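Enquirer: Sharing a structure with you now.
The values are calculated or read from the model by the stated rules, or taken from the named source; none is laboratory data. In this text the structure is predicted, and so the values were computed from the model without any measurement. Glycine gets a Cβ as well: all are built from the backbone with ideal geometry, and neighbour counts include every protein chain shown.
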Amino acid sequence: MTWKIEGFLESRDGRLYIDGVDAVELAREYGTPLFVYSEPRIRQNIARLKKIGDVVGCGFKLCYAAKAMSTLGVLRAVRDAGCDLEVNSGGELLKALKAGFSGDQLNFNGLSKEVWELELAIENGVYAIQVDSLYELSLIEQTAKRLNKSANVSLRLVPEIESATHSGLQTALLTSKFGMMPEEAFGAFVKYNDSEHLNLNGIHLHVGSQNPSPDVYTQAFEEMFNALLRIYRESGVRLKHINLGGGFPVNYLRDRLQADDFPADEREMFEADFEPADALREAWNAVRRLAEKENVVDLLEGITLLLEPGRSIIADTAVCLTTVRNQKTRPLAQNSPPYQGGVAAASADGVVLPAETTPPKGGTQNSDHWLLTDAGFNILLSMETYKWYYHLISAERAGEEHSFPYKVAGPLCDGGDVYFDVEGHGRLPDHRLLPENIQPGEVLALLNCGAYSLAQASQYNARYLPAVILTKGNGKAELIRKRDTFEDLIANDIY
Ligand SMILES: Cc1ncc(COP(=O)(O)O)c(C=O)c1O
């Protein structure tokens, strides 16, 4: 498998083309770092997820998790592809309305909502406010009463489902900060059954992000079905929806070139790849068997299944173009072995040891070749917080062999701004493989950069936030976000 995706990511005359647009020309015209998103790819990903509606025997509603990337042009592309939205704050809610979504297309998550945010959600009649605690539920009731409206709500449960993803991305464990205990939720359905101002319509959970195993969706659906049944039996309420969250994985290691450089568990997570519709078919079949046993198939078939994926809709639709701004050669540090290929294993004291068994790729060297790019963790925060991997290629020499090892780092005045695991735990490859003799000025491309990148960006080091391009297919491209200027940097400073 390679990074190429026919009709979307290609090498033409040796250069990287995105939807038929020359990436290097875009970089020269708009400057780097530059995010390039593909509208056709967004449509494809949404169409792929919508197939879930064909394999479950109930209603189906797909909501894109806006927190993964919420530039208005992208939200519009998502809306035009026929997908609804999950938002996490008043700000995201306002953006959604601005992008043309209506209230009934919106699901409002989040665990520290302010009253103005609740008012906004209730006034706009959102499909569901996902409630995180009993305190929040009573606040919503009071707010709706004051507005003389009724609020659609759904209770978020914390059912203790473990996923083999990064600990910071796990969200269905008691140790995570999300959700309420199932017992609390069951009590709430009884207590608020006759409320004039609350429509308790559903229950919600989200297992985590980049879940490598499809089985967690069966586990999650079964848990939710059991909850639905108990709610019905204890309070007589027939739930309208069950929300199983997002979390489908994206294969960040499509190109096998560097796959051997990862520890096994990291590799398994980064290269996870399954068909969401297959996972949900399995889950539906399991839950339907339960419903037959309990003689409540009508209860199950009467619900709408909600999913709110972010990463699997947007991650592989975007590339981050970056220019090499500086280079240097350094003798190898004492604890830093030359690149030899294969797994870098960390010893007990954190010193990284090269695998002895794997033959060298690109040759061993006595020095490290460093490339300093203009894309740092200010725009790709996960590289630092989760040691996330984005595959790196040369956009100018995409067709050439990538086998020369470089140490690569971003521009920030911060030692953590590197493309390897600076803590020395070997979670990321120490070296990136690129064509030989890369010089300042060469444009590189970080792939699969669409999710949780610009959405988490900061102006750290007073760096200008980048422009965003949306390719439209047939070689067309549109600027959907301007690059920041100095005025943007100081817009809200008062002196
Ligand atoms: C509640 C909720 N829903 C949906 C998502 C989207 O997850 P993903 O981008 O992994 O699909 C998240 C992200 O972690 C989340 O917290």
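Enquirer: Going through region 272-295 one residue at a time, which ones are crowded, with 18+ Cβ neighbours inside 10 Å, of a type outside the set (Gly, Ala, Ser) and within 19 Å of Gln44 (Cβ to Cβ)?
Expert: Across region 272-295, the qualifying residues are Pro276, Leu280.
Enquirer: Mind counting the residues in region 11-39 that are surrounded by fewer than 18 Cβ atoms within 10 Å (Cβ to Cβ) and either in a helix (DSSP H, G or I) or free of Cβ contacts under 8 Å to residues at least 24 places away in the same chain (or both)?
Expert: Of the residues in region 11-39, 4 are surrounded by fewer than 18 Cβ atoms within 10 Å (Cβ to Cβ) and either in a helix (DSSP H, G or I) or free of Cβ contacts under 8 Å to residues at least 24 places away in the same chain (or both).
Enquirer: Still on this structure, please answer the following. Just give me the residues in region 207-240 being small (Gly, Ala, Ser), assigned to a loop (DSSP other than H, G, I, E, B) and more than 30 Å from Asp265 (Cβ to Cβ), in sequence order. Step through it out loud before you land on a result.
Expert: So the first thing to find is which residues in region 207-240 are small (Gly, Ala, Ser), and the list is 208-209, 213, 220, 227, 235-236.
Now restrict to residues that are assigned to a loop (DSSP other than H, G, I, E, B): 209, 213, 236.
If the condition is that a residue be small (Gly, Ala, Ser), assigned to a loop (DSSP other than H, G, I, E, B) and more than 30 Å from Asp265 (Cβ to Cβ), then Gly236 is the only one that fits.
Enquirer: Kindly indicate whether Asp260 is farther than 30 Å from Ile438 by Cβ and either within 15 Å of the ligand (Cβ to nearest atom) or in a helix (DSSP H, G or I) (or both). Give the derivation first.
Expert: Details: farther than 30 Å from Ile438 by Cβ: no; either within 15 Å of the ligand (Cβ to nearest atom) or in a helix (DSSP H, G or I) (or both): yes.
Considered against the rule, which asks whether it is farther than 30 Å from Ile438 by Cβ and either within 15 Å of the ligand (Cβ to nearest atom) or in a helix (DSSP H, G or I) (or both), Asp260 comes out as no.
Enquirer: Which of the residues belonging to region 294-331 are more than 30 Å from Pro212 (Cβ to Cβ) and aliphatic (A, V, I, L, M)?
Expert: Going residue by residue through region 294-331, those that are more than 30 Å from Pro212 (Cβ to Cβ) are 294-299, 301-302, 323-331.
Of everything in region 294-331, those that are more than 30 Å from Pro212 (Cβ to Cβ) and aliphatic (A, V, I, L, M) turn out to be Val296, Val297, Leu299, Val324.
Enquirer: Looking at Val78, is it β-branched (Val, Ile, Thr), within 14 Å of the ligand (Cβ to nearest atom), crowded, with 19+ Cβ neighbours inside 10 Å and not assigned by TED's automatic domain parsing to the domain that holds Leu392?
Expert: Yes, satisfied.
Enquirer: Has region 337-352 got at least one residue that is surrounded by 15 or more Cβ atoms within 10 Å (Cβ to Cβ), of a type in the set (Val, Ile, Thr), modelled with pLDDT under 95 and under 27 Å from the mean Cα position of the chain (by Cα)?
Expert: The answer is yes, given that some residue of region 337-352 is surrounded by 15 or more Cβ atoms within 10 Å (Cβ to Cβ), of a type in the set (Val, Ile, Thr), modelled with pLDDT under 95 and under 27 Å from the mean Cα position of the chain (by Cα).
Enquirer: Go through the residues of region 308-317 one by one and say whether even a single one is more than 28 Å from Gly179 (Cβ to Cβ) and within 16 Å of the ligand (Cβ to nearest atom). Spell out the reasoning first.
Expert: Quick first cut of region 308-317, residues more than 28 Å from Gly179 (Cβ to Cβ) only: 316-317.
Checking the rest, the ones that are also within 16 Å of the ligand (Cβ to nearest atom) come to 316-317.
Checked against the condition, which is being more than 28 Å from Gly179 (Cβ to Cβ) and within 16 Å of the ligand (Cβ to nearest atom), region 308-317 yields at least one hit.
Enquirer: Let me ask something else about it. Take the conditions touching a residue at least 40 places away in the same chain (Cβ under 8 Å), farther than 22 Å from Asp54 by Cα, part of a loop (DSSP other than H, G, I, E, B) and aliphatic (A, V, I, L, M) and apply them to Ala272. Does it pass?
Expert: Details: touching a residue at least 40 places away in the same chain (Cβ under 8 Å): yes; farther than 22 Å from Asp54 by Cα: yes; part of a loop (DSSP other than H, G, I, E, B): yes; aliphatic (A, V, I, L, M): yes.
The answer is yes for Ala272.
Enquirer: If you take the residues of region 83-137 that are in contact (Cβ under 8 Å) with a residue 60 or more places away in the chain and away from the ligand (no atom under 13 Å from the Cβ), which of them is surrounded by the fewest Cβ atoms within 10 Å (Cβ to Cβ)?
Expert: That would be Leu137.
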